[in-house]
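> The structure under discussion is supplied below as structure tokens; questions concerning it will follow.
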Amino acid sequence: MALIEAKNLKKAYCEEENPTIALENVSFNIESGEFVAIMGPSGSGKSTLLHILGFLDRQSDGQYFFDGKQIDEYSDAELAHVRNKKMGFIFQAFNLLPRTSVLENVKLPLLYSGIHKKNWDKMALEAIKAVGLEHRQNHETSQLSGGEKQRAAIARALVNRPLVIFADEPTGNLDSKSGQTVMSLLQELNDKHGHTIILITHETYTAEHAERIIFVRDGQVESDKKVINRLTADKFIK
């Protein structure tokens, strides 16, 4: 059974009498443990697709199954619970609390997890260690470099031990060296620890870390190809 199954997804935004179609007839499966890059130019619909896959929005039509259950079967409260428990998110803008330590930032998803508070520090420290940031755990995030901030954000995404990590343009605010460090970390989480990674990007050098590239244009899947050799991923990118 696929972890994620999208069937003929459609998303329309109604603006008076002229609806805008953001997604049209989008279908694919993603298995547990895959590293998938969703690519496309600006306005192609990839961010809208991420929002639907991550339970941040609902499709207008079609079916979306996550971990064997259709999204329409969840209440809003259930969606929020599954999103917190089974999904981790990494954003371009980091979305960290600036005057708060790395440790406290990483613990934030645990507030609504139902996990006993006595376990929070241990879980957060394990996540921080996994991204190599333990020497900065007590620093405020405003004191970190861009690459360190993104590593803190990755630790926060890991802390609940989710089924899938969604990374939305995670290198967009980083220099190339820091960006490569972050992408190498994501690839290691996939290769060595089996995390399912779904990467939203328009950059070739980030997509080349994935094992599969779904290319979206004008709200539709234009291509969906396995990458046999990650070093030649640019051949699969239009």
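> Run Tyr112 past the list (1) without any contact (Cβ under 8 Å) to a residue 40 or more places away in the chain; (2) more than 23 Å from Ile52 (Cα to Cα); (3) open to solvent by 20 Å² or more (accessible area, probe 1.4 Å); (4) touching a helix residue (DSSP H, G or I) at 6+ places or on another chain (Cβ under 6 Å) and report the number of the one that doesn't hold.
Status for Tyr112: all satisfied but (2).
> Which one of Lys7, Lys107 is open to solvent by 20 Å² or more (accessible area, probe 1.4 Å), modelled with pLDDT of 95 or more, of a type outside the set (Phe, Trp, Tyr) and within 23 Å of Arg161 (Cβ to Cβ)?
Lys107
> Check every one of the strands (runs of 3 or more DSSP E) wholly within segment 121-238 and list those with 3 or more residues that are open to solvent by 40 Å² or more (accessible area, probe 1.4 Å).
220-226
> Here's a follow-up. Exactly one condition in (1) in contact (Cβ under 8 Å) with a residue 40 or more places away in the chain; (2) open to solvent by less than 60 Å² (accessible area, probe 1.4 Å); (3) not charged (D, E, K, R) is not met by Ser42; state its number.
(2)
> Something else about it: Kindly indicate whether any position in segment 14-28 is open to solvent by less than 30 Å² (accessible area, probe 1.4 Å), of a type outside the set (Asp, Glu) and free of Cβ contacts under 8 Å to residues at least 40 places away in the same chain.
Within segment 14-28, none of the residues are open to solvent by less than 30 Å² (accessible area, probe 1.4 Å), of a type outside the set (Asp, Glu) and free of Cβ contacts under 8 Å to residues at least 40 places away in the same chain.
> Quick check on Gln70: is it touching a strand residue (DSSP E or B) at 6+ places or on another chain (Cβ under 9 Å) and surrounded by fewer than 18 Cβ atoms within 10 Å (Cβ to Cβ)?
Spelling it out, Gln70 is indeed touching a strand residue (DSSP E or B) at 6+ places or on another chain (Cβ under 9 Å) and surrounded by fewer than 18 Cβ atoms within 10 Å (Cβ to Cβ).
> If Ser32 satisfies all but one of (1) farther than 22 Å from Arg156 by Cα; (2) in contact (Cβ under 8 Å) with a residue 60 or more places away in the chain; (3) open to solvent by 70 Å² or more (accessible area, probe 1.4 Å); (4) part of a loop (DSSP other than H, G, I, E, B), what's the number of the condition it fails?
Every condition holds for Ser32 apart from (1).
The values are calculated or read from the model by the stated rules, or taken from the named source; none is laboratory data. These numbers come from a predicted model, not from an experiment. Don't worry about glycine lacking a Cβ; one is built from the backbone with ideal geometry, like all the others, and counts go over all protein chains shown. All accessible areas refer to the heavy atoms of the entire protein, side chains included, with ligands and DNA or RNA removed. Shrake-Rupley method; radii C 1.70, N 1.55, O 1.52, S 1.80 Å.
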